[in-house]
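The values are calculated or read from the model by the stated rules, or taken from the named source; none is laboratory data. Computed from a predicted model, the values in this text were never measured in an experiment. Glycine also receives a Cβ, built like all others from the backbone with ideal geometry; neighbour counts cover every protein chain displayed. We work out accessible area using only protein heavy atoms, side chains counted, and drop any ligands, DNA or RNA first. Shrake-Rupley method; radii C 1.70, N 1.55, O 1.52, S 1.80 Å.
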Amino acid sequence: RMLWQESFPVYEQIMAKRTADALLPESERKLLTWPWQSWRNLIDPLDPGMLVVLAAGDGGGKTLYAECLAEHWAKTGRNVVFLHFELNRALMLDRRMVRHTGIPRRVLKEGRLSADQERIRQSANARLKGWLGGITYIHTPGWTTEKALSEVNGCIGKGLCDVFVVDYLEKAAPSPRQQKTYGTNIFAREADDVEQIKSFAEQHELPALLLAQLNKIGKGQQFQNLDKTAIRGAGEKTEKANIVVLLHRETNESTIVKVRIDKNTVGPTGSFEQFM
């Protein structure tokens, strides 16, 4: 509870802190910025408690975008918790190494790197270890949202979480409470998962990035017709989100990604293209 007369000194404290933060080097300001100018043109740095929903069809690049965002935040000094329900630990680390070296995953899996490739790999490791922040990877297959958030809470207690990523919503298992309350209504359960994530983010004053699938209609739509209603069970999910980002690729091999900021409660919306 904040009384009317109390709100003015409170806001003065907020503005004073912002003024002080503006004088700090960017590496000390703990801003959750975006790695691409096209995103920064529309979306401000993430505020505490904000929920971003990033959605695409199968093979649309959800995980790749989440990995790049997490690595950008880690590189700029933030600590990220990355909950990955689907991809295993070796695959997540392989994907990271491919991104930062260009060595094909097939070569990494075979374990027969040339001397030059091994030098490149070790150089990448040294560079990544020198980042100001880091990523805590938590493999969560078959976990409920409650269990996953409990792990995030543990990371908060250790000072390892400035933002958390959930890859991806539809993979979370139902809890006994949800089974009793919602039965076979998958969409109602997923809406409850989103509410848990949003409430957790608000309570701990942490932003969250949540990945989600498009529904059958959305997967087949052209980009000009794509909006947040194409997210699976969208009505319940997107109303809780502060920002909704939609990705569209013509095929899984396409090097062009069409991006739509379809909801932004604290700024403009719009569309643009990126190279993948």
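The figures follow:
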item	result
Criterion (closer than 24 Å to Trp36 by Cα, modelled with pLDDT of 90 or more, out of contact with any Lys or Arg (no Cβ under 9 Å at 6 or more places or on another chain) and polar (S, T, N, Q)) met by exactly one of Thr265, Thr269, Thr184, Thr251	Thr265
Cross-chain or 6+ apart pairs with Cβ under 9 Å, region 182-205 first and among the polar types (S, T, N, Q), then open to solvent by 50 Å² or more (accessible area, probe 1.4 Å) and part of a helix (DSSP H, G or I)	Gln196/Glu146
Selection within region 34-81 - in a strand (DSSP E or B), in contact with a Phe, Trp or Tyr (Cβ under 9 Å, 6 or more places away or on another chain) and of a type in the set (Val, Ile, Thr)	Val80, Val81
Leading residue by the ranking (modelled with the highest pLDDT) among those in region 220-248 that are open to solvent by 20 Å² or more (accessible area, probe 1.4 Å) and part of a loop (DSSP other than H, G, I, E, B)	Asn242
Pair list, Cβ under 8 Å, 6 or more apart: region 139-156 residue farther than 18 Å from Arg89 by Cβ, other residue aliphatic (A, V, I, L, M)	Thr144/Ala172; Thr144/Ala173; Thr145/Ala172; Thr145/Ile197; Leu149/Ile197; Ile156/Leu206
Residues satisfying the stated conditions in region 1-33, i.e. closer than 25 Å to Leu69 by Cβ and either part of a helix (DSSP H, G or I) or not hydrophobic (A, V, I, L, M, F, W, C) (or both)	Arg18, Asp21, Ala22, Pro25, Glu26, Ser27, Glu28, Arg29, Lys30, Thr33
Pairs with Cβ under 7 Å, 6+ apart, first in region 107-131 and farther than 13 Å from Arg96 by Cα and in contact (Cβ under 8 Å) with a residue 12 or more places away in the chain, second part of a helix (DSSP H, G or I) and polar (S, T, N, Q)	Ile120/Thr101
Test: residue in region 22-32 that is over 27 Å from Ile231 (Cβ atoms), more than 25 Å from the chain's Cα centre (by Cα) and either open to solvent by less than 10 Å² (accessible area, probe 1.4 Å) or charged (D, E, K, R) (or both)	no
Ile217, sole failed condition from (1) among the aliphatic types (A, V, I, L, M); (2) open to solvent by 40 Å² or more (accessible area, probe 1.4 Å); (3) not in a helix (DSSP H, G or I)	(3)
Residues (surrounded by fewer than 21 Cβ atoms within 10 Å (Cβ to Cβ) and within 29 Å of Gly57 (Cα to Cα)) located in region 148-161	Ser150, Glu151, Cys161
